[in-house]
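Report on the structure given below.
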Amino acid sequence: MFTMKKASSSKSDEPAAKKPKVEGGPIKVDDFVDKFKAIRQETAKSVLDFDFKKKRIRILSDAKEVEEGKAGVVYWMSRDARVQDNWAFLFAQKLAMKNELPLHVCFSLVPKFLEATIRHFKFMLKGLEEVAKECESLNIQFHMLTGMAKDTVPKFVKAHKMGAVVCDFSPLRVPAQWVEDVRKALPAEVPLCQVDAHNVVPVWVTSEKLEYAARTIRTKVNNNLNTYLTQFPPVVKHPHKSKLKAEPIDWPKLLDTLQVDRTVDEVEWAVPGYTGGVATLQGFVEKRLRKFNAKRNDPTDDALSNLSPWFHFGQISVQRAILAVKKYGKGFSEGVASFCEEAIVRRELSDNFCYYNKNYDNLKGAYDWARKTLDDHRKDKRTHVYTRDQLEQAKTHDDLWNSAQLQMVKEGKMHGFLRMYWAKKILEWTKSPEEALETAIYLNDRYQLDGRDPNGYVGCMWSIAGIHDQGWREREVFGKIRYMNYEGCKRKFDVAAFVARYGGKVYKSK
Ligand SMILES: Cc1cc2nc3c(=O)[nH]c(=O)nc-3n(C[C@H](O)[C@H](O)[C@H](O)COP(=O)(O)OP(=O)(O)OC[C@H]3O[C@@H](n4cnc5c(N)ncnc54)[C@H](O)[C@@H]3O)c2cc1C
């Protein structure tokens with residue numbers, strides 16, 4: 001059922017695909033890359049012939065029009081680091097074509113970002129290397145700027161007389177501040193347009209307020225899918241050549257300039273970039289989707305999509321993944337429905353939470369009932385208390401917890417089911433809920449390839465502070481926050497097999 005014929009090679013302006021080896025077996029990656037290319041070309045000749053949904057865009061500046069006599073349009077790329085299947089890139093191309101201007105892409109590289117290590121920067125930069133090559137083949141100049149966007153982007157715009165800036169969207173406070181700073185520093189006549197290229201339904205369309213739980217957002221998202229879950233037109237060879245040529249990029253040297261921890265290095269299984277992401281998507285559709293519904297809570301099975309690193313870095317579009325899973329997964333309707341629930345409803349709920357709740361990563365952002373119950377149990381005696389160091393080194397009395405921690409450290413991705421158990425045990429074994437949340441976020445952001453993401457903050461807040469959840473039977477330390485334990489895990493999957501795979505030991509607490 002999943003044997004896919006190779007798409008007939010089409011005359012395209014998109015570059016040929018690389019063939020990365022991933023996930024321990026030959027995957028016919030060309031199939032999906034070529035198929036997606038063919039689908040885009042069938043959808044429209046270019047974005048000019050496509051009904052672009054205007055509500056994906058917000059104009060953040062007072063200036064609304066591109067002035068005469070300008071030298072180009074800039075897409076300031078940040079969260080969505082891919083060329084194809086990217087609404088922000090497509091809108092920038094549309095604006096440039098309508099105004100008959102060259103198109104430039106700028107990425108502003110900061111030397112450090114939250115708890116990110118060299119693991120994350122290598123993944124991001126290797127993906128960007130692929131973006132830069134594809135831009136070159138499409139007559140679009142890709143500029144790697146180094147420093148804070150508030151300095152680099154306005155400077156670039158002024159120096160080269162750019163007529164408009166298009167940026168993508170993140171609900172998190174640091175990138176949101178970058179956008180605000182750029183907005184203030186741009187010349188008054190230059191419009192700044194923001195496009196939500198990460199969510200299927202733009203976050204500001206789904207809801208105007210903080211949603212309480214999946215059940216309150218589900219219908220709002222799903223009712224918009226007819227409008228927004230569309231095919232993508234292609235980003236095409238840009239018809240207007242630029243006199244301004246991008247500086248060549250010395251990629252290895254860029255890595256040397258970073259001020260990040262280099263002890264947490266890249267992982268082997270995840271090949272960064274668009275083609276690596278598409279290969280993982282194809283592997284999921286061909287091999288794992290069939291068991292996604294039944295086995296996704298079993299960490300000893302290989303049933304998940306594994307796509308979160310590519311989603312997080314915007315190297316592959318979630319919308320593309322949904323379209324592919326729906327198209328090719330017809331025989332596995334339960335798996336398709338579960339995947340859509342996770343990748344659309346749950347994921348977009350996370351963006352909603354971080355967008356409308358400024359305290360998305362601290363206890364002030366929890367509901368009153370959760371704050372109260374955690375407070376009521378603040379002084380409860382903990383059976384074990386561990387320091388951040390002991391947790392980081394996987395030295396607890398619990399071999400399952402230690403194995404999950406080791407999986408994250410070694411592979412840069414902990415299984416989704418265990419993430420809940422892992423974070424809840426941090427609540428149980430640290431001195432206060434504040435310390436638990438800080439520790440969980442610190443470890444999550446430092447080791448998970450998909451860390452520093454709205455899903456991560458919501459995942460930690462759900463586990464420790466009951467966000468999007470309800471009150472449960474009251475118990476020590478947790479109060480009414482949902483509890484999980486080792487015995488429950490044993491009922492769900494083969495704990496011993498998981499422990500044997502990752503080698504977590506039992507350490508006696510002093
Ligand atoms: C404590 C904790 C920390 C987490 N940290 C992160 C994180 O840093 N980054 C991150 O992307 N996710 C995080 N999650 C959510 C979820 O565990 C991961 O998205 C998922 O395990 C990623 O693996 P996958 O792509 O194989 O997922 P799949 O199960 O294949 O799901 C497909 C996609 O759906 C989305 N998704 C799945 N589960 C959830 C969920 N519970 N909430 C929101 N979206 C979801 C993700 O985008 C995921 O890539 C965390 C959850 C918890 C409980």
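The values are calculated or read from the model by the stated rules, or taken from the named source; none is laboratory data. Not measured: the values here are computed from a predicted model. Ideal geometry is used to build each Cβ from the backbone, glycine not excepted, and the neighbour counts take in all protein chains shown.
A count restricted to segment 62-100 and to residues that are aliphatic (A, V, I, L, M), crowded, with 21+ Cβ neighbours inside 10 Å and not in a helix (DSSP H, G or I) stands at 5.
Within segment 411-439, the residues that satisfy the criterion of being in a loop (DSSP other than H, G, I, E, B) and either in the same structural domain as Phe121 (by the TED database) or more than 10 Å from the ligand (Cβ to nearest atom) (or both) are Gly412, Thr430, Lys431, Ser432.
When segment 157-179 is filtered for residues that are part of a loop (DSSP other than H, G, I, E, B) and surrounded by fewer than 21 Cβ atoms within 10 Å (Cβ to Cβ), the ones remaining, listed by number, are His160, Lys161, Leu172. Of the residues making up segment 344-391, those that are outside any helix (DSSP H, G or I) and either of a type outside the set (D, E, K, R) or closer than 12 Å to Val458 by Cβ (or both) number 13.
Ala116 falls short of the stated requirement of being in contact (Cβ under 8 Å) with a residue 60 or more places away in the chain and either among the aromatic types (Phe, Trp, Tyr) or part of a helix (DSSP H, G or I) (or both).
I'm checking my understanding of the structure. Among residues of segment 338-358 that are in contact with a Ser or Thr (Cβ under 8 Å, 6 or more places away or on another chain) and of a type in the set (A, V, I, L, M, F, W, C), which one is nearest to the ligand (Cβ to nearest atom)? Once the filter is applied, the top-ranked residue is Ala343.
Among the residues examined, Asn297 qualifies as in a loop (DSSP other than H, G, I, E, B), surrounded by fewer than 21 Cβ atoms within 10 Å (Cβ to Cβ) and within 12 Å of the ligand (Cβ to nearest atom). Right, Lys112: more than 24 Å from Leu258 (Cβ to Cβ) and surrounded by fewer than 24 Cβ atoms within 10 Å (Cβ to Cβ) or not? In short, no. Scanning segment 479-492 for residues that are over 13 Å from Tyr421 (Cα atoms) and part of a loop (DSSP other than H, G, I, E, B) yields a total of 1. Exactly one residue among Tyr457, Tyr447, Tyr486, Tyr442 is within 15 Å of the ligand (Cβ to nearest atom), modelled with pLDDT of 95 or more and touching a Phe, Trp or Tyr at 6+ places or on another chain (Cβ under 9 Å), and that residue is Tyr457.
Candidates Val285, Val278: the one that is more than 26 Å from Val409 (Cα to Cα), crowded, with 17+ Cβ neighbours inside 10 Å and of a type in the set (A, V, I, L, M, F, W, C) is Val285.
Within segment 295-307, residues that are farther than 19 Å from Tyr486 by Cα have Cβ atoms under 6 Å from residues that are more than 10 Å from the ligand (Cβ to nearest atom) and assigned to a helix (DSSP H, G or I) in these pairs: Ala303/Lys291; Ala303/Lys295, counting only partners at least 6 apart in sequence or on another chain.
Go over the candidates Leu374, Leu363, Leu418 one by one and state the one that is buried (at least 19 other Cβ atoms within 10 Å of the Cβ) and in contact with a strand residue (DSSP E or B) (Cβ under 8 Å, 6 or more places away or on another chain).
Leu374
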